[in-house]
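A.B. asks: To start, I am sharing the structure in question, which I have written as structure tokens.
The values are calculated or read from the model by the stated rules, or taken from the named source; none is laboratory data. Not measured: the values here are computed from a predicted model. As a convention, Cβ positions derive from the backbone with ideal geometry for all residues, glycine included, and neighbour counts pool all protein chains shown. We work out accessible area using only protein heavy atoms, side chains counted, and drop any ligands, DNA or RNA first. Shrake-Rupley method; radii C 1.70, N 1.55, O 1.52, S 1.80 Å.
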Amino acid sequence: MATVDAEPYGFEFEPATTALLMIDFQRDFVYPGGFGEALGNDTSPLLKALPPAERVLRAWRDAGLFVIHTREGHRPDLSDLPPSKKVRGRGKITIGDVGPMGRILVRGELGHDIVEEVYPIDGEPVVDKPGKGAFYATDLDAILKMKGIRQLVVCGVTTEVCVHTSVREANDRGYDALVLSDAVGSYFPEFQRVALEMIKAQGGIFGWVSDSERFLRALATATGKQPAAAGAAVV
Ligand code: C5J
């Protein structure tokens, strides 16, 4: 059992029954020309989450532990895109339209895929989700249960939308979730701050919050492996 210094109190976890959940690190959210920008956002704040997320991912992989990724998006025929979602944003282009990285938020398109820094490797399932929550209309819960997973360490974008929804869903399903504050990102600094506050308020109403440094220290203690220094080359 390892303990991460976290709020509102220490997050105790058993590495073998904990998954690293990487939420929606897709070009469509992180880079200009995708869904995030189509909604009128400056995408650059999300880039800050990538180096910490990459360090956590490397350390977790080095420890031989279970990683699972999600991607938000839709079937090419958009048969799983409800009108209630399609109308959101009201920008010039929206889900299914062609942008510089292919059709926005459509499976199989360049923009829909995960950025290089945290790209999945063999053995790491990728869950395609049509909604905000990683558990909605996906087999995530079944995969986690098959693996005996009971706790989640969460990185991803965006903090107040898909990360929040997924962590709430996880808590309802009996998982403990730790969100790493510098490895999740929002287009809005104020939403980032408040979204993290909400998770850890009221005694940790649906989770815990820590950061990549504190988490990596706990993981190193648990595994006896030292984390790579920040900025070290990825091999
Ligand atoms: C959004 C997400 N923001 N992955 N999706 O629409 O947070």
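A.B. asks: Since residue 84 meets every condition but one in (1) under 14 Å from the mean Cα position of the chain (by Cα); (2) in a helix (DSSP H, G or I); (3) not charged (D, E, K, R), which condition does it not meet?
C.D. replies: (1)
A.B. asks: Also: Pull out all pairs, ordered by first then second residue, where Cβ-Cβ is under 8 Å, the residues are six or more apart or on different chains, the first lies in segment 145-158 and is assigned to a loop (DSSP other than H, G, I, E, B) and at pLDDT 95 or above, and the second is within 16 Å of the ligand (Cβ to nearest atom) and among the acidic types (Asp, Glu).
C.D. replies: Partner pairs satisfying both residue conditions: 158/24.
Conditions (1) free of Cβ contacts under 8 Å to residues at least 60 places away in the same chain; (2) surrounded by 19 or more Cβ atoms within 10 Å (Cβ to Cβ); (3) out of contact with any Gly (no Cβ under 9 Å at 6 or more places or on another chain), marked per residue:
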position: 169; (1), (2), (3): yes, yes, no
position: 183; (1), (2), (3): no, yes, no
position: 196; (1), (2), (3): yes, yes, yes
position: 209; (1), (2), (3): no, yes, yes
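A.B. asks: Among the residues of segment 53-78 satisfying the criterion of being away from the ligand (no atom under 11 Å from the Cβ) and open to solvent by less than 10 Å² (accessible area, probe 1.4 Å), which is farthest from the chain's Cα centre (by Cα)?
C.D. replies: 74
A.B. asks: Residues to consider are 189, 130, 125; find the one that is more than 11 Å from the ligand (Cβ to nearest atom), open to solvent by 40 Å² or more (accessible area, probe 1.4 Å) and on the phi < 0 side of the Ramachandran plot.
C.D. replies: 189
A.B. asks: List the number of the failed condition for residue 144; all other conditions in (1) within 14 Å of the ligand (Cβ to nearest atom); (2) open to solvent by less than 10 Å² (accessible area, probe 1.4 Å) hold.
C.D. replies: So residue 144 meets the others, but not (1).
A.B. asks: I'd like the full set of residues that are hydroxyl-bearing (Ser, Thr, Tyr), under 19 Å from residue 185 (Cβ atoms) and open to solvent by less than 30 Å² (accessible area, probe 1.4 Å), limited to segment 6-49.
C.D. replies: Within segment 6-49, just 43 meets the criteria.
A.B. asks: For residues that are of a type in the set (A, V, I, L, M, F, W, C) and more than 8 Å from the ligand (Cβ to nearest atom), scanning just segment 153-177, find the one that is nearest to residue 49 (Cα to Cα).
C.D. replies: 155
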